[in-house]
1. Could you grab the pairs with beta carbons closer than 9 Å, sequence gap of 6+ or different chains, first residue in the stretch 65-84 and in contact (Cβ under 8 Å) with a residue 40 or more places away in the chain and over 18 Å from V9 (Cα atoms), second one surrounded by 11 or more Cβ atoms within 10 Å (Cβ to Cβ) and among the charged types (D, E, K, R)?
2. Evaluate the following for E73: is it in contact with a helix residue (DSSP H, G or I) (Cβ under 7 Å, 6 or more places away or on another chain) and charged (D, E, K, R)?
3. Answer yes or no as to whether K7 is without any contact (Cβ under 8 Å) to a residue 24 or more places away in the chain, loosely packed, with under 14 Cβ neighbours inside 10 Å and part of a helix (DSSP H, G or I).
4. Tell me the residue from D49, D8, D84, D17 that is on the phi < 0 side of the Ramachandran plot and touching a helix residue (DSSP H, G or I) at 6+ places or on another chain (Cβ under 6 Å), please.
5. Might you check whether a residue that is within 15 Å of the chain's Cα centre (by Cα) and of a type in the set (V, I, T) occurs anywhere in the stretch 63-81?
6. Within the stretch 19-70, take every residue that is of a type in the set (V, I, T) and surrounded by 10 or more Cβ atoms within 10 Å (Cβ to Cβ) and give me the one that is farthest from F82 (Cα to Cα).
7. Hey, among the residues in the stretch 10-51 that are in a helix (DSSP H, G or I) and among the hydroxyl-bearing types (S, T, Y), which one's nearest to the chain's Cα centre (by Cα)?
Amino acid sequence: MEQEFIKDVQIFQKAMDYIEAKHYYWFESRYGETINQEHDLLKNHILVDYKELNRVLLEFVPGSELPPNIRAECELAFREIFYD
């Protein structure tokens with residue numbers, strides 16, 4: 001069970017990397033959250049809480065300007081990986 005959960009976390013991270021790369025134009029057009037970031041990153045907009053092996057939560061940072069289509073892609077990937 002734990003190995004499967006770790007695998008799911010890795011798959012989810014790859015999915016987030018893919019979504020960020022797919023929408024690079026949006027992220028690269030924005031400033032990063034910190035001075036060390038050349039541009040904005042998806043991780044600046046999402047919160048993933050790995051509370052327990054069977055309970056993972058995805059939330060968006062309050063005030064995030066992440067467009068609805070990118071939010072929807074993140075939510076779909078999350079559901080497909082952790083809850084399907």
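Where a number appears in this text, it was derived from the coordinates with a stated rule and is not lab data. Being a predicted model, the structure only gives us computed values, none of them experimental. All Cβ positions, even for glycine, are placed from backbone atoms using ideal geometry, and neighbour counts span all protein chains on display.
1. That search, which allows pairs on different chains as well, returns I70/E20; I70/K22.
2. On the way: in contact with a helix residue (DSSP H, G or I) (Cβ under 7 Å, 6 or more places away or on another chain): yes; charged (D, E, K, R): yes.
Considered against the rule, which asks whether it is in contact with a helix residue (DSSP H, G or I) (Cβ under 7 Å, 6 or more places away or on another chain) and charged (D, E, K, R), E73 comes out as yes.
3. Details: without any contact (Cβ under 8 Å) to a residue 24 or more places away in the chain: yes; loosely packed, with under 14 Cβ neighbours inside 10 Å: yes; part of a helix (DSSP H, G or I): yes.
Yes, satisfied.
4. Values: D49 fails: touching a helix residue (DSSP H, G or I) at 6+ places or on another chain (Cβ under 6 Å); D84 fails: touching a helix residue (DSSP H, G or I) at 6+ places or on another chain (Cβ under 6 Å); D17 fails: touching a helix residue (DSSP H, G or I) at 6+ places or on another chain (Cβ under 6 Å).
On inspection, the qualifying residue turns out to be D8.
5. Here is the first cut: in the stretch 63-81, the ones within 15 Å of the chain's Cα centre (by Cα) are 64-81.
Filter once more, so that each one left must be of a type in the set (V, I, T): 70, 81.
Yes, that holds for at least one residue.
6. V61
7. Applying the first criterion (in a helix (DSSP H, G or I)) to the stretch 10-51 yields 10-22, 24-28, 42-44.
If we keep only those that are among the hydroxyl-bearing types (S, T, Y) as well, we get 18, 24-25.
On the way: Y18: 10, Y24: 14, Y25: 17 Å.
Looking at residues that are in a helix (DSSP H, G or I) and among the hydroxyl-bearing types (S, T, Y), I get Y18.
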